[in-house]
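See structure below.
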Amino acid sequence: MFTRAGTSWTQQAYLKASNTGAGDAFGASVAISAHVLAVGATGEASAATGVNGAQADNAAPGSGAVYVFARAGTTWTQQAYLKASNTGAGDAFGASVAISAHVLAVGATGEASAATGANGAQADDSAPGSGAVYVFTRSGTSWSQHTYLKASNAESADAFGASVAISAHVLAVGATGEASAATGANGAQADDSAPGSGAVYVFTRSGTSWSQHTYLKASNAESADAFGASVSIDNDFLAVGAPGEDSSSTAWGWLESDNGAPGSGAAYLFERSGGVWSQDAYIKASNTGALDAFGARLALSGTTLLVAAASEDSSATGVDGDGANDAADGSGACYTASW
């Protein structure tokens with residue numbers, strides 16, 4: 001944990017799980033809101049369920065866990081140890097986390113129920129890797145699971161929960177393995193003709209109940225695009241990354257369908273108006289290259305968007321260097337856009 005004083009950053013804390021074990025992958029995901037921090041550990045192996053259960057049995061390898069830390073002054077302490085309500089080996093609970101005030105969302109991409117919607121049957125395990133999201137709420141210093149969410153078209157290998165983002169009463173969930181060839185909002189979900197194209201599901205909260213509001217697809221949805229690998233939401237704007245997208249277009253792109261740069265990646269910006277979500281922009285890197293994975297991670301703040309391309313190849317350093325030299329394979333880059 002690092003903090004800033006003026007223009008200087010210093011390490012404030014070094015955090016570990018309360019039940020550290022080999023292969024736990026503590027830190028697979030992180031999210032922070034004010035003085036509360038959530039950390040995912042997708043390889044954690046306890047078969048416990050719920051909050052602050054038995055941590056040491058290691059009977060469910062890869063089930064995953066989330067650890068909540070709270071800060072008092074400059075001191076961080078673990079506040080809660082969270083597990084899914086239907087813990088299962090290989091569920092990867094903690095693959096993604098998002099926190100806003102007293103609400104925490106946790107993705108479990110390996111979860112296997114074929115349930116759909118909110119609080120469905122959790123135990124059937126007939127759809128391996130369909131994925132789930134668990135919403136926890138905090139009262140005082142106590143956390144409890146509030147809602148168990150599934151996609152409206154849950155199927156094996158959809159990886160629902162690959163990414164999560166929350167803003168006030170709106171939750172966005174990415175499912176990178178989803179297979180529909182639909183485009184835009186609320187299209188046909190059942191055709192399965194574009195494996196791995198990916199989708200994003202927007203849920204809204206009314207009172208204490210969460211329900212699916214919108215099913216989003218890219219404007220150029222195609223197999224293996226992994227739309228939904230990253231999501232970020234800020235009020236009426238939602239950004240979605242698709243690191244497998246293939247167009248060779250650049251910047252605020254328009255050539256969506258040429259597929260001349262496989263795996264170059266793209267980001268999509270959606271805006272909500274009158275309760276309806278629609279795509280505003282299709283965004284590419286300024287130096288688009290095959291396999292750059294632009295959109296692997298992104299973050300949105302107001303009208304500024306930061307997009308990572310984890311496999312970009314330039315050996316440039318600092319800000320606005322030469323993006324065209326490709327002399328450092330997989331060095332990676334970040335890009336900012338504003339509107």
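Translational diffusion coefficient of the stretch 23-292 (Stokes-Einstein, Kirkwood radius from Cα pairs, 25 °C, 0.890 mPa s): 133 µm²/s.
Label sites at residue 56 and residue 324, each approximated as a point 7 angstrom past Cα along Cα to Cβ, lie 6.2 nm apart.
Starting from the stretch 13-76, pick out the chymotrypsin sites (Phe, Trp or Tyr not before Pro) whose DSSP state is loop and whose Cβ has at most 13 other Cβ atoms within 10 Å.
Of the chymotrypsin sites (Phe, Trp or Tyr not before Pro), the ones in loops of the stretch 13-76 whose Cβ has at most 13 other Cβ atoms within 10 Å are 14.
Entry for the stretch 120-259 at q = 0.12, 0.17, 0.18 Å⁻¹: log10 I(q)/I(0) = -0.48, -0.91, -1.00, Debye formula applied to identical alpha-carbon scatterers, no solvent contribution. Within the same chain, lysines fewer than 8 places from residue 16 are excluded, and of the rest, those with a Cα less than 23 Å from its Cα are 83. Within the same chain, lysines fewer than 8 places from residue 217 are excluded, and of the rest, those with a Cα less than 25 Å from its Cα are 150, 284. Relative to the Cα centre, the charge distribution of the chain, modelled as +1 at Lys and Arg Cβ and -1 at Asp and Glu Cβ, gives a dipole magnitude of about 1520 debye. With Cα atoms defining each centre, the stretch 128-169 and the stretch 11-29 are spaced 22 Å apart in the structure. For the stretch 296-322 versus the stretch 254-293, the spacing of their alpha-carbon centroids is 14 Å.
For the stretch 174-184, 3J(HN,Hα) computed residue by residue from phi via the Karplus equation (6.51, -1.76, 1.60; θ = phi - 60°) reads x, 9, 5, x, 4, 10, 6, 8, 4, 10, x Hz, glycine and proline entered as x.
No value in this document is a laboratory result; all are computed from the given coordinates. Source: prediction; values computed, not measured. A quick note on method: Cβ atoms are made from the backbone with ideal geometry, for glycine too, and the neighbour counts reach across all protein chains shown.
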